[in-house]
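So the structure is just underneath, and the comments pick up after that.
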Amino acid sequence: MIEAKSISKFFSVINEKGIAEGLTAVLNVSLTIPDGKIVSLLGPSGCGKSTFLEILAGLQAPTDGTIHIDGKLVLEPLPATRKEQIAYRRRYRFISPLANGVFQDRPKHDIAMIFQDYAVFPWMTAVQNVEFALKLRNAGRRGNGRLKRAELTEKAHFYLHKVGLSGFSNKYPSQLSGGMRQRLALARALSVEPKIILMDEPFAAVDALTREKLQDELLRLWAETASYGEHITIVLVTHEVQEAVYLSDEVIVFSPGPGTIRNSIPIEAKRPRARTDPALVEIQERIFAMFQYDINQEAEYSI
């Protein structure tokens, strides 16, 4: 379970006059994401949803608030005052480079992340890209838990087959279409068999038809993960209303920046779903109405 409590994120930015001023990306966001669910963070560009996703992943520390995954703290907030900085140094004064070296290859939380720009290595073939992720995870294992080289390669091919790339294992990313590169990113994420996958607008760079195919592929793979335990948890950032409603068990609607939770909408339609399901269309219309209201209010306020 993912638990976010009162998450805020502030940045200091330099304006055009060269003066530092504050920017609030996320403001007092609290939510709980149960295990095995697909949850979308939906909102307009600049509303802080990607920043919030990176805080969930531990790629950024929150300014205020905490994220717990299965009861474990992801990253504590950054010290903001001199008193907090002194306390922070005292707390970690015994952590040495050696200690960091011992633990650096052991993931604290079982998370994989997929970015909008594919984030695959262009100098590696498809199978080498998946093997790379497996080797990183393998480095943190000890004894019988470590996979042999042949086992790593076999597992990489297995997950390429799962996403329909078994015939392209020796191709480089430049030789793959945009949809194929995103399938490769998905294969790499699934190969380490995480409990949680975080996705930052993963289908934004492909055409509409490919996008729908990738959405269906994601749902198929998510359904298959239940065969070895329970469904993985997926948290998806998107600004596409139809995508959020079609994929999700719950849609978290962010307000325009600074990002706060505008509304939380459960999607109770049974799976498999049809994009033309009147129940889904009605929810989409409700969300569009929220966005239109926010846009009108913002325009009126600016005038």
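What follows draws every value from the coordinates through simple rules; no lab data is involved. Note that the coordinates shown come from a computational prediction; the quantities given were computed from them, not determined experimentally. Because the Cβ atoms are built from the backbone with ideal geometry, glycine has one as well, and the counts that use them run over all protein chains shown.
Short-range pairs are left out: with C-alpha atoms under 8 Å and at least six residues apart, the relative contact order of the range 202-295 is 19 percent.
The antiparallel fraction among DSSP beta bridges confined to the range 122-264 stands at about 40%. Label-to-label distance, H68 versus Q175, with points set 7 angstrom from Cα along the beta-carbon direction: 5.0 nm.
Counting beta carbons within 10 Å around each of Y159, Y293 and listing the fewest first gives the order Y293, Y159. Highest average first, the peptides 21-32, 48-59 ordered by how many other beta carbon atoms sit within 10 Å of their residues are 48-59, 21-32. Take the Cβ atoms of S166 and L23, set R0 to 51 Å, and the FRET efficiency comes out at 0.65. Tell me, what is the FRET efficiency for K135 and N15 to the nearest 0.05, using R0 = 45 angstrom and their Cβ-Cβ distance as r? For K135 and N15, the calculated efficiency is 0.50.
Averaging Cα coordinates gives a centre for the range 150-200 and one for the range 1-57; these two points are 29 Å apart.
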